[in-house]
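Notes follow once the structure below has been shown.
The values are calculated or read from the model by the stated rules, or taken from the named source; none is laboratory data. On a predicted model such as this, the values are computed, not experimentally measured, just so you know. In this analysis, Cβ positions are derived from the backbone assuming ideal geometry, glycine residues included, and neighbour counts consider all displayed protein chains.
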Amino acid sequence: MLESAMEYHLHGDPTTAVVQLQEAIFLKPDFAAAWNNRGCVLKQLGNNFDAVLNFDRAIAADPRDPNFHNNRGAAMADLGQYDLAERSYRTAIALKPTLAEAHLNLGNGLKASGSIPEALVAYREAVRLKPDYADGHLNLAFALLDAGQMTEGWDEFEWRWKSSQLPPRGLGVPQWEGEQLTGKSLLVYGEQGMGDALQFMRYAPIIKAKYGGRVYIEVRQPIARIARTMEGIDGVVVFGETVPPQIDYGLPMMSAPRILRTTLDNVPADIPYVHADKHRAALFEKEYAKLPFRGFRVGVCWAGHNRTGNPGASAIDRRRSTTLASFAPLAAVPGISWVSLQKGEPEGQVTRPPPGMTILHCMDDCDDFYDTAALVSTLDLVISVDTSVIHLSGAMGVPTWMLGRYDGCWRWMGARMDSPWYPSLTHYRQPSPGDWDSVMQTVAADLGKLVNSHKVRAA
């Protein structure tokens with residue numbers, strides 16, 4: 001029955017797998033492997049609390065199995081319980097020092113809690129034990145980039161193509177590795193999320209200026225029009241449409257920093273590199289008449305897109321997102337004209353703003369990032385969680401305050417409040433997992449000072 005259950009799990013039917021594992025446990029309550037496997041399936045389904053309970057039962061039945069402790073730690077980490085997760089990982093390593101997966105998970109937990117030097121030690125041990133461990137190398141890359149060790153970090157980042165997280169793109173042309181492009185053409189293509197493309201497409205005009213030739217970029221449709229406002233490239237292609245003829249080389253967008261040998265000292269930050277349509281912005285200007293008074297204009301976005309098909313990514317999406325109601329301390333700051341920049345299901349929260357916040361919502365008129373850029377250009381400040389809005393406003397040079405989760409993305413470099421990628425960005429990181437209250441209190445205090453200084457300048 002155990003093998004049958006895991007077959008269901010592997011073939012995309014975790015619900016049936018859970019049922020069969022429950023039957024196995026009913027027949028044999030101390031069946032450690034069944035408890036462990038049931039915990040793994042529940043974790044995949046995003047039920048981390050129940051997963052921990054199942055791993056606890058597995059450990060109670062067989063406390064000497066390092067995999068049970070390692071799996072328990074991973075579920076605890078998804079719950080934001082990093083100290084308890086670390087304890088489980090270290091127990092797994094004590095039981096089996098050669099378990100590379102436990103060293104990887106230990107590194108993840110240490111990195112999430114901000115202990116980057118210790119995380120690097122754990123990741124290096126994981127890849128020493130298992131030299132072809134793609135996920136180990138990729139997480140080592142994230143920690144190196146987080147620490148500002150970009151030369152080694154970009155090299156390790158190439159392991160993403162061998163990990164389970166990102167399938168390679170087959171263009172049928174060689175990957176560009178820095179050859180001169182005179183008389184040749186290069187397609188620089190987006191490879192991950194919208195924010196990644198907005199951040200890294202800045203490299204395309206740099207490549208053309210330095211290496212010559214014809215340089216095109218390929219992005220998804222919502223980014224295409226704003227990408228066409230970039231100067232110094234030969235064209236923009238929409239993903240899924242016909243690529244330009246006679247392409248000689250292809251380049252994944254996020255491999256450009258490796259080839260151009262980007263370090264912390266030479267991050268290309270010539271901002272802005274995308275531009276808003278002034279006519280479209282003028283149309284949004286008229287919408288401010290709907291607000292009760294003219295104030296300091298602040299755009300807000302409180303949730304990222306939830307990648308429900310990927311449990312691991314979905315867990316991150318939940319941690320990086322908050323609610324409009326959590327902005328209550330900011331709503332108490334007087335003299336602000338609030339503007340929603342939220343898309344997707346959380347957009348409905350605009351009908352229930354916190355007390356004191358009257359919010360203008362024009363996002364139904366924004367079909368893509370080109371439209372959103374026009375709205376952003378009318379603002380004095382953007383305050384957003386870590387989502388593509390941050391990259392758009394940052395690329396435009398609009399003052400931007402990012403509300404960051406405790407276990408933030410590598411590109412924001414831990415607790416650093418500024419960003420080498422976006423000179424106009426200020427980073428407000430959670431002081432502990434899930435603590436949006438402290439973030440909002442700090443942001444509200446700074447916002448009050450900014451609005452008051454704005455009044456002084458206006459006077």
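What to note about this one:
- Test: residue in the stretch 91-98 that is part of a helix (DSSP H, G or I), under 30 Å from the mean Cα position of the chain (by Cα) and not hydroxyl-bearing (Ser, Thr, Tyr): yes
- Within the set Thr91, Thr151, the sole residue that is among the polar types (S, T, N, Q), touching a residue at least 24 places away in the same chain (Cβ under 8 Å) and under 27 Å from Asn37 (Cβ atoms) turns out to be Thr91.
- Filtered by the rule that a residue be out of contact with any Pro (no Cβ under 7 Å at 6 or more places or on another chain) and either of a type in the set (D, E, K, R) or modelled with pLDDT under 95 (or both), the stretch 266-282 gives Asp270, Asp277, Lys278, Arg280.
- Flag if Ala256 is buried (at least 18 other Cβ atoms within 10 Å of the Cβ), in contact (Cβ under 8 Å) with a residue 60 or more places away in the chain and more than 24 Å from Met402 (Cα to Cα): yes
- Inclusion of Pro245 among residues that are free of Cβ contacts under 8 Å to residues at least 60 places away in the same chain, surrounded by fewer than 16 Cβ atoms within 10 Å (Cβ to Cβ), out of contact with any Cys (no Cβ under 6 Å at 6 or more places or on another chain) and part of a loop (DSSP other than H, G, I, E, B) is warranted.
- All of Lys184, Lys210, Lys162 fail the test of being at pLDDT 95 or above, more than 30 Å from Ala415 (Cβ to Cβ) and surrounded by fewer than 16 Cβ atoms within 10 Å (Cβ to Cβ), apart from Lys210.
- Contact annotation: residue pairs with Cβ atoms under 8 Å, 6 or more positions apart or on different chains, pairing a residue in the stretch 371-386 that is at negative phi and in contact (Cβ under 8 Å) with a residue 40 or more places away in the chain with a partner that is acidic (Asp, Glu) and in a helix (DSSP H, G or I), are Asp371/Asp365; Thr378/Glu285.
- When residues of the stretch 189-238 are limited to those that are of a type in the set (Gly, Ala, Ser) and in a loop (DSSP other than H, G, I, E, B), the one nearest to Ser393 (Cα to Cα): Gly193
- Here Glu125 meets the list (1) under 21 Å from the mean Cα position of the chain (by Cα); (2) closer than 27 Å to Pro433 by Cβ; (3) assigned by TED's automatic domain parsing to the domain that holds Tyr82 almost entirely, failing just condition (1).
- Candidates Asp155, Asp132, Asp146 - the one that is surrounded by fewer than 22 Cβ atoms within 10 Å (Cβ to Cβ), closer than 26 Å to Trp421 by Cβ and in the same structural domain as Leu79 (by TED's automatic domain parsing): Asp155
- Hits in the stretch 305-335 - residues which are of a type in the set (Gly, Ala, Ser), within 20 Å of Ser438 (Cα to Cα) and modelled with pLDDT under 95: Ser321
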